[in-house]
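The values are calculated or read from the model by the stated rules, or taken from the named source; none is laboratory data. Owing to the predicted nature of the structure, the values given are computational and were not obtained by experimental measurement. For neighbour counting, all protein chains shown are included, and Cβ atoms are generated from backbone atoms with ideal geometry for every residue, glycine included. Side chains included, ligands, DNA and RNA excluded: accessible areas come from the protein's heavy atoms. Shrake-Rupley method; radii C 1.70, N 1.55, O 1.52, S 1.80 Å.
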Amino acid sequence: MNEDFNKLLAAANEIQTKCNDYKVRANDIAMGNDLKLNFGEHKIPMSDLATGHLCGKLKVPSRYFNRLVETEQNELAAQNINCWLEDNPKELFLREYDGRIRGVLSGSYSVYDAPEILQTVSEVFDPNTFKLKGSFINEERLHLRLIENEMMNVEGEDLFAGISLDSSDVGRSGLSVKFFIWKQVCTNGLVIAQRSAKLFRQKHIGITHEDFAAGLNEGLQTFYELKDSIAESIRET
């Protein structure tokens, strides 16, 4: 896990260096005819996901907005957005990546990003006892699967305990950590889903940063207890 996991953590940190966040009132934002968001001294283009977020918050049908853009009616598209921004005092949380707005979230969004998640995982699990079986990361989402190096204590079975983790820094999903079993029946293995095997699940809203970190840490700590319990169930079966 050391080398592969450290590469994943380095990638997460690299993404973070290109990110900026802004808390603004909706009525302090305007969309230009170039479809960029204007607020303060900023004039920033938007990703497709962020555009969908903004349409959803203003109850402007995204299919209608996209149709206007596709037919080169940018001025009318911007007018529709600005009409509903003007008298909207709600606080919005804008997340920028590399010069583009990657997400438009509510002002109560709870930040707990990929680098912090990976750091917590590395603090709970001994890096020398796990290996990274799969991962994906970009500015919008994080996915990884870790399995233990040693097989579970189930005679006659080639089973490995692991965790599957998914999260998004832009509201595409909450943070979800699940226990799973990897059965090495072929080169890419077989994942056996376990009901009631959620180690941790939390939306990025309504929670403090400290409670987010503590909850994830506590959830990960239950991995070994759950592994022993499931191994016993398999042996009994």
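Numerical summary
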item	result
Unique residue being in a helix (DSSP H, G or I), under 24 Å from residue 209 (Cα atoms) and among the charged types (D, E, K, R) when the list is 3, 14	14
Residues located in region 108-120, provided they are surrounded by 17 or more Cβ atoms within 10 Å (Cβ to Cβ) and part of a loop (DSSP other than H, G, I, E, B)	110, 112, 113
Single residue of region 39-55 satisfying the filter (open to solvent by 50 Å² or more (accessible area, probe 1.4 Å) and not acidic (Asp, Glu)) that is farthest from residue 172 (Cα to Cα)	40
Cross-chain or 6+ apart pairs with Cβ under 6 Å, region 76-87 first and more than 14 Å from residue 59 (Cβ to Cβ), then outside any loop (DSSP other than H, G, I, E, B) and charged (D, E, K, R)	none
Residue selected from region 121-149 under the condition open to solvent by 10 Å² or more (accessible area, probe 1.4 Å) and in a helix (DSSP H, G or I), by the criterion nearest to residue 53 (Cα to Cα)	122
Selected residue (only one of 121, 111 is among the β-branched types (Val, Ile, Thr) and farther than 18 Å from residue 199 by Cβ)	111
Restricting region 150-184 to residues that are without any contact (Cβ under 8 Å) to a residue 24 or more places away in the chain and not charged (D, E, K, R), the residue that is surrounded by the most Cβ atoms within 10 Å (Cβ to Cβ)	151
Subset of region 65-74 [surrounded by fewer than 12 Cβ atoms within 10 Å (Cβ to Cβ) and either part of a helix (DSSP H, G or I) or not polar (S, T, N, Q) (or both)]	70, 72
Check on residue 35, modelled with pLDDT of 95 or more, open to solvent by 30 Å² or more (accessible area, probe 1.4 Å) and part of a helix (DSSP H, G or I)	no
Some residue of region 88-107 being open to solvent by 50 Å² or more (accessible area, probe 1.4 Å) and either hydrophobic (A, V, I, L, M, F, W, C) or in a helix (DSSP H, G or I) (or both)	no
Qualifying positions in region 1-54 - within 26 Å of residue 120 (Cα to Cα) and of a type in the set (Asp, Glu)	3, 4, 14, 21
Members of region 211-237 found to be open to solvent by 80 Å² or more (accessible area, probe 1.4 Å), assigned to a helix (DSSP H, G or I) and not acidic (Asp, Glu), listed by number	221, 224, 235
